[in-house]
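Colleague: The following block contains the structure, expressed as structure tokens.
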Amino acid sequence: MTDPNATLAHHVDIADLAAHDKTYLDANELVINMGPQHPATHGVLRVILRLDGEKVLGLECVIGYLHRGVEKIGEHRTYTMFNPYVDRMDYVAAVSNGLGYCETVEKLLNVEAPPRAQHVRVILTELNRIASHQLWLGTHALDIGAITPLFYTFRDREEILKIYEKYCGARLTTHAFRIGGLQYETYTGFEKEVKNFLNFFRPKIDEYEELLTTNRIWVERTKNVGAISAEDCIALGVTGPVLRASGVKWDLRKAQPYANYKNFDFDIPIGENGDTYDRYLVRMAEMRQSVRIIEQAVDALPEGPIMAKVPKVMKPPAGEVYHSIEAPKGELGYFIVSDGSTQPYRVRVRPPSFVNLQALDLMCRGELVADVIAVIGTLDIVLGEVDR
Amino acid sequence: MTPVATPFFFYLFAAIMLIGGILVITRKNPVHSALALIVALLAQASIYLMLYAPFVAGVQIILYAGGIMVLFLFVIMLVSIERSMKERQFNSQWVAGTVAAVALGGLFIAVYAKAEKIFPHHAIRITPDELLNTQGVASMLYGQYMFAFEIASLLLLVAIIGAVVMAKKRI
Amino acid sequence: MHAIIDYISSYLTSDKTPGAAGNMFWVLVYIMLVFAGLSVAVIAMNWLERKILAHMQVRLGPMRVGPHGLLQPIADAIKLLLKEDIMPAEADGFVFWMAPLIVVLAAFTVFVVVPFGPTHAITDMNIGILFMLGVSSLSVLGIVMAGWASNSHYPLMGALRSSAQMVSYEIAMGLAVVSVILVTSLHGSGLYGVGGAGAGDGTLSMIGIVRAQQEQGVWFIFKFFPLGLIAFFIFAVSMVAETNRAPFDLAEAESELTAGFHTEYSGFRWSLFFLAEYSAMIAVSSIAVTLWLGGWLRPFPNLLNGDTWDQAFSFIPGITFLFFAAICFYNAVRMPKHPLFRVQTIGLFGFGVVLGLIGLALFVPAVSIRVQDIFWFAAKVSGFMYVYIWFRGTFPRYRFDQLMQLGWKVLLPMGLGVLILTAIFGLWPSIQQLIQRLI
Amino acid sequence: MESMLHITTLHYLVLGAALFLLGVVGVLTRRNVVIVLMSIELILNAVNLNLVAFSRLWGGLHGQVFAIFIITDAAAEAAVGLGILIAFFRNKETVNIDEVNLLKW
């Protein structure tokens, strides 16, 4: 990877580039290396941009700078021991990752978490969705140049982290769930605090929107930028808010209900054009829907046990299982092959960021450099999850 | 305010201009040439000020140094200069060119030696009204030279269109 | 000896600027004063920007170095001076070295003609505004040189962006300025007062422009309402673009081009760019204040006129400083009583005392009459500085093509329209006569 | 020495002539189009200097007005010249004026 030109020559089809409208001066074609140390690549993503003036002719993502071999580690740990590792993938939405893993292993073991555990899981996961979207909003706005929303979202995200900290002692990589249910009973006043948070947070969404939604510059920067059609999304396997913003009503919480999402009443916000602005609106609406779900879950929080009967030493029957959940960033799937021993034979994660990142090239072609930043931001990638 | 130390400043700025001019035509790197030209142009603006032409001096700074030269630098950055910097800098007829220029210089000297009688030996003592320089230029531009002014604006329009047509790959 | 004292004191009774009076001693004094004042203003601006921005973003900003971080800019300056000065190996050394100097020179030279008061300017040029626009446009050269000399892609792109941006916004800016110059040629007074028989001599001199506002009894922002306001708006937008500040800070967009044209600069050279950016902000704000907001004139000259009001307004500078002093005292009292905060409390208290003494001194009529021009000018400029910070806290960044679109397709036609309408308004009596004759 | 210390119009004319010659040498000998264009700017500036000096000599403003026209002209020339340069560079990938030897692209 020493010569960026060499790699581009392989991957960027010259004929394809020529097809683009070339009204810019191409007196000097620039190859720019963006990242891995760049303030707007959300960590250590490296993007090799091929530019015609400021226009992007093509780009290639170079990933792997944060590769820690999470999947391989899974093969050398017992099912229980591997649980905390999954939190380290999408560290912004650690709870969702834990939920996905626990549910997958539960499916493998053929157990189901008790209703109370399910409810608490839904509450914490949806809180996590809000936290993840808040972080996305702050950084995305920062990339586009609005520095203030970042501080507002971080201030409000703090309240969610406080709830996590009180519940399980950790703020970021929570390891909140156990296979078969929950380790900890909720603390006293959990419901009240969650409700307080919801009342506190509802006006805050309006505050964010006030800063951005009708802001002329924001709209100009995001409308018709990085648009992707529903067909392209499906072809590339793009999921989550990006897919929904393109107008596809696909949400695993409704499509393949897991946990007990089918008991809750909520809408799937979708967009029309699949551009950055629509993705922004979809995520803002999703935060509102999450508030709705949490409210219902807290109101209907049943009493009862929090842990199903799970053997101390887990030896799932030989076989394989794939289970996916709707993480804040899209479909998060776990594929686990068991050989009947205490350790998985193979763990494979389908991280939404990794798959969504494929669309970057398509979304950025013909746009300007500034839009690449906006599109990276709107894809909401977490490099820990992309590289695993 | 009357100018002070006029000879000193004249020779200073003249020297800057000439050195700048020499650097413009001798530098390998066009960016260095452009910078030398900017320095020469600024020195020339100062000489305009000494000639009681403040408006022309201001126009010189804004248009030449701030506009045209930025355009030059812009274009130098767009075209890659590495190759041309490695190549020969002077063309094959440089001897003939220099000789022609020197001959022209000789002609100038001859003319000026003769014409010296026409010019007064001392600078004119009547100071033009510097405060009304801008107004004077303006009323001339919009009065006597109205037609020329309009032609100049037309020329600029043609130049804009021409530059766009030239520089654009596909119209 | 006597002659020297005479030479020095002769200026004190003059009503001209030192440059116009030809008094070299006072010219040097004024140059030093302006330079020192500007440096202090940049330092203060640095602190204020961080504080105000922080409070807009629900955080505190610098709090550790000195009381409420008052000494933070000084600590930063020391840090920058002590930092290693790095030059990229492939950089063009001479150009790399020259670029920050050019930017700083351009930013400081414009202050030669800024009128802080009728006599408080280094000099008064008859091409004052032309000179200011011209010299401030020279900073583009420095930026282009910096970007090119760094021999790196991001700085080059930043330089290309910023030069294109500055050159195109200069045109809209110039058109807005020309409409003011047209208005200076009118001799009539009031909002819609148009020229009488003697109309025709406009001026480009900065002091002359403020004088014209004084004579016409109206700030040019209100002249031919709303035309003056629109021209001011065009200028205000382009001046933000000229200085590469948010929301037009594409040249140094940290999320896109890391830092634009000064990516490769560090330490002292970088701080020169910083200094130049802030003094350029002050410079363009000074142009706006001089051209539209009456320069050194006090507010409400028509509504609240008369000696009583003049007297009342002459107290405002002192009261303002006393108010700031009171804020210092209030915060000093509110400081935690812990021994660790002892030094900070004393420091803040001392700062309050200094401000209070300045305030009290401003009540002395002899001082106040000489200084209140500067106060009003500075107050108006600080208003602009606040707006700059406010913009930065509020707006996302424009994209390059949108920026160009705004400049060429919105501001330029608007500027031309304003210019033509101003001319028509200004010549209204003649046009009326013409129409009557035709009918 | 006397004549050196009193700056007369001739001084300006000599300076203008020297600048003009530098420009001519640049145009005739350099290969780089950009530098040739800059040399043309030098020539135009030499002319401007003469015009303004004459304007000072005769006390009128005609010379200055002409200088302004020439600056306008220089701007137009630079814009078109650099436009041609870009078109040229795009097609031939060089900025050497010697290589403009085809009468078609």
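Each reported figure results from applying straightforward, stated rules to the coordinates on display, with no laboratory input. Owing to the predicted nature of the structure, the values given are computational and were not obtained by experimental measurement. No Cβ is skipped: glycine too gets one built from the backbone with ideal geometry, and neighbour counts run over all protein chains shown.
Colleague: Can you spot the lysines whose alpha carbon is less than 18 Å from residue A:315's alpha carbon? Ignore those fewer than 8 places along the same chain.
Modeller: Straight-distance partners of residue A:315: A:107.
Colleague: Further question: On average, how many beta carbons from a partner chain sit within 10 Å of the beta carbon of a residue in D:53-66? Could you put the intermediate results ahead of the total?
Modeller: On the way: counts 5, 2, 6, 8, 6, 1, 5, 3, 14, 4, 3, 15, 11, 3.
Mean partner shielding for this stretch: 6.
Colleague: Once you have the Cα-Cα distance between residue C:12 and residue C:341, take 0.36 nm times their residue separation minus that, and quote the gain in nm to one decimal. Please list the in-between numbers first.
Modeller: Numbers: separation 329, 0.36 × 329 = 118.44 nm, distance 4.64 nm.
Fully extending the segment from residue C:12 to residue C:341 adds 113.8 nm.
Colleague: I've got another one for you. Report the FRET efficiency, 1/(1 + (r/R0)^6), for residue B:12 and residue C:94, where r is their Cβ-Cβ distance and R0 is 25 Å, rounded to 0.05. Present the calculation step by step, with values, prior to reporting the outcome.
Modeller: Working: r = 21 Å, r/R0 = 0.86.
Step by step, r from the Cβ atoms, then E = 0.70.
Colleague: Give me the net charge of residue A:251's neighbourhood, meaning all other residues with Cβ under 11 Å from the Cβ of residue A:251; Lys, Arg count +1, Asp, Glu -1.
Modeller: Numbers: positive: A:244, A:249, A:253, A:254; negative: A:267, A:286, A:326, A:331.
Cβ neighbours under 11 Å give a net charge of 0.
Colleague: Cut-off 18 Å, label point 7 angstrom out along Cα-to-Cβ of residue A:80: give me the residues of the stretch A:297-321 whose amide nitrogen falls inside.
Modeller: Of the residues in the stretch A:297-321, A:306-317 have backbone N under 18 Å from the label point off residue A:80.
Colleague: For the stretch C:277-365, which trypsin sites (Lys or Arg not before Pro) are both in a DSSP coil and crowded by at most 15 other Cβ atoms within 10 Å? Walk me through the numbers on the way to the answer.
Modeller: Values: sites: C:334, C:337, C:342; in loops: C:337.
Answer in residue order: C:337.
Colleague: I've got another one for you. Just C:229, C:304, C:71 to compare: in a GNM of chain C, with alpha carbon springs under 10 Å, which one fluctuates most?
Modeller: C:304
Colleague: If you don't mind, another one. Averaged over its residues, how many other protein chain Cβ atoms are within 10 Å of peptide B:19-27's Cβ atoms? Please list the in-between numbers first.
Modeller: Numbers: counts 0, 3, 13, 4, 1, 9, 14, 6, 4.
Taking the mean over all residues of the peptide, I get 6.
Colleague: Pull up all non-local amide H partners of residue A:307: gap of 5 or more, or a different chain, and H-to-H distance under 5 Å with H placed in the peptide plane.
Modeller: Those lying under 5 Å, H to H, from residue A:307 are A:182.
Colleague: Let me test this: with uniform point scatterers at the alpha carbons of the protein assembly as shown, what is the Debye-based log₁₀ I(q)/I(0) at q = 0.05 1/Å?
Modeller: Debye intensities relative to I(0), on a log10 scale: -0.42.
Colleague: Looking only at other chains, what is the average number of their beta-carbon atoms within 10 angstrom of each beta-carbon in C:147-155? Could you put the intermediate results ahead of the total?
Modeller: Numbers: counts 2, 5, 1, 0, 0, 1, 7, 4, 0.
Across the residues of C:147-155, the mean count of other-chain Cβ atoms within 10 Å is 2.
Colleague: Sticking with this structure for a sec: Based on Cβ point charges of +1 for Lys and Arg and -1 for Asp and Glu, what charge dipole magnitude is obtained for the stretch D:2-99 about its Cα centre, in debye rounded to the nearest 20? Please list the in-between numbers first.
Modeller: On the way: 5 positive and 7 negative charges, 9 e Å.
In debye, rounded to 20, the stretch D:2-99 gives about 40.
Colleague: Same structure again: Just need log10 I(q)/I(0) for the stretch D:2-99 at q = 0.18, 0.20, 0.23 Å⁻¹, Debye formula, equal scatterers on the alpha-carbon atoms, no solvent, rounded to two decimals.
Modeller: Once normalised to I(0) and log-transformed, intensities are -0.85, -0.96, -1.11.
Colleague: A follow-up question, please. Which net charge results when you count Lys and Arg as +1 and Asp and Glu as -1 among the other residues whose beta-carbon is under 14 Å from that of residue C:212? Walk me through the numbers before you get to the answer.
Modeller: Values: positive: C:211, C:223; negative: C:124, C:201, C:215.
That works out to -1.
Colleague: Enumerate the whole-percent occupancy of each 5 Å bin, from 0 to the last occupied one, for all C-alpha pair distances of the stretch B:1-85.
Modeller: Spelled out bin by bin, the stretch B:1-85 gives 3, 15, 20, 21, 17, 11, 7, 4, 2, 1, 0 percent.
Colleague: Now a separate question. No solvent, one uniform scatterer per C-alpha: report log10 I(q)/I(0) for the stretch A:66-194 via the Debye equation at q = 0.13, 0.16 1/Å, two decimals.
Modeller: Scattering profile of the stretch A:66-194, log10 relative to I(0): -0.58, -0.83.
Colleague: So, one more: To the nearest whole percent, what portion of all C-alpha pairs in the stretch C:1-112 is separated by more than 17 angstrom?
Modeller: Values: 4500 of 6216 pairs.
I get 72 percent for the Cα pairs in the stretch C:1-112 exceeding 17 Å.
Colleague: Same structure, new question: Relative contact order of chain D, please, whole-number percent, based on alpha carbon pairs below 8 angstrom and at least 6 residues apart. Walk me through the numbers before you get to the answer.
Modeller: Values: 89 pairs, mean separation 27.6, N = 105.
For chain D, the relative contact order is 26 percent.
Colleague: Where the convex hull is taken over the Cα atoms of the stretch B:132-171, what is its projected area averaged over directions, in nm²?
Modeller: On the way: hull surface 13.6 nm².
Result: a mean projected hull area of 3.4 nm².
Colleague: Could I ask something else about it? Karplus couplings for the stretch C:222-234 from phi (6.51 cos²θ - 1.76 cosθ + 1.60, θ = phi - 60°), rounded to Hz, Gly and Pro as x?
Modeller: Coupling constants for the stretch C:222-234: 9, 5, 6, 3, x, 4, x, 5, 5, 4, 4, 4, 4 Hz.
Colleague: Then there's this: When every alpha-carbon pair in the stretch C:298-439 is counted, what percent end up more than 20 Å apart?
Modeller: Values: 7245 of 10011 pairs.
When every Cα pair of the stretch C:298-439 is considered, 72 percent fall beyond 20 Å.
Colleague: Taking the Cα centre of chain A as the origin and placing charges on Cβ (Lys, Arg +1; Asp, Glu -1), which of A:379, A:213, A:56 is farthest toward the positive end of the dipole?
Modeller: Selected residue: A:379.
Colleague: Take the residue pairs B:86/D:92; A:162/A:262; A:162/A:312 and return only those whose Cα atoms are more than 19 Å apart. Let's see the in-between values first.
Modeller: Values: B:86/D:92 17 Å; A:162/A:262 28 Å; A:162/A:312 31 Å.
The pairs that break the limit, which is 19 Å between Cα atoms, are A:162/A:262; A:162/A:312.
Colleague: Still on this model: Given labels modelled 7 Å from the Cα in the Cβ direction, how far is it in nm from residue A:337 to residue C:63?
Modeller: With each label placed 7 Å out from Cα toward Cβ, I get 5.6 nm.
Colleague: Just how large is the dipole of the protein assembly as shown about the Cα centre, in debye to the nearest 20, putting +1 at every Lys and Arg Cβ and -1 at every Asp and Glu Cβ?
Modeller: Numbers: 83 positive and 88 negative charges, 214 e Å.
Roughly 1020 debye, rounded to the nearest 20.
Colleague: While we're here: Restricting to Cα atoms and excluding each atom paired with itself, what does the Kirkwood estimate give for chain C in Å? Write down the numbers at each step before the final one.
Modeller: Numbers: mean 1/r = 0.0422 Å⁻¹.
By the Kirkwood definition, the hydrodynamic radius is 23.7 Å.
Colleague: Next up: Ignoring the sites themselves, what is the longest stretch of chain C with no GluC sites (Glu not before Pro) in a DSSP loop and at most 11 other beta-carbon atoms within 10 Å?
Modeller: C:91-439
Colleague: Contact order normalised by length for the stretch A:70-387, with contacts defined as Cα pairs under 8 Å and 6 or more residues apart; what percent is it?
Modeller: Working: 594 pairs, mean separation 87.6, N = 318.
Computed over the stretch A:70-387, the figure is 28 percent.
Colleague: Let me ask something else about it. Before anything else, pin down the relative contact order of the stretch B:1-85: Cα pairs under 8 Å, at least 6 apart, normalised by residue count, whole percent. Don't jump to the answer; show the numbers that get you there.
Modeller: Details: 67 pairs, mean separation 23.5, N = 85.
Across the stretch B:1-85, relative contact order equals 28 percent.
Colleague: Another question about this same structure. Packing-wise, with mean Cβ within 10 Å as the measure, how do C:307-319, A:123-135 rank, highest first?
Modeller: Values: C:307-319: 14.8, A:123-135: 26.2.
Packing order, densest peptide first, comes out as A:123-135, C:307-319.
Colleague: While we're here: Roughly what angle does helix A:369-379 make with the longest principal axis of chain A, taking Cα atoms, 0 to 90 degrees, to the nearest 10?
Modeller: Orientation of helix A:369-379: about 20 degrees from the principal axis.
Colleague: Still on this structure, please answer the following. Just add up the charged neighbours of residue C:401: K/R +1, D/E -1, any other residue whose Cβ is under 12 Å from the Cβ of residue C:401. Show your work: numbers first, answer last.
Modeller: On the way: positive: A:55, A:221, C:161, C:399, C:409; negative: A:54, A:220, A:367, A:371.
Every neighbour counted, the sum reads +1.
Colleague: For residue C:308 and residue C:366 in the same chain, what is the full-extension length gain: residue separation times 0.36 nm, less their Cα-Cα distance, in nm?
Modeller: Values: separation 58, 0.36 × 58 = 20.88 nm, distance 1.71 nm.
Extra length available between residue C:308 and residue C:366 comes to 19.2 nm.
Colleague: List the aspartates and glutamates whose Cα lies under 14 Å from the Cα of residue A:166, skipping any in the same chain that are fewer than 8 positions away.
Modeller: Residue A:166 reaches A:158, A:185, A:191, A:193.
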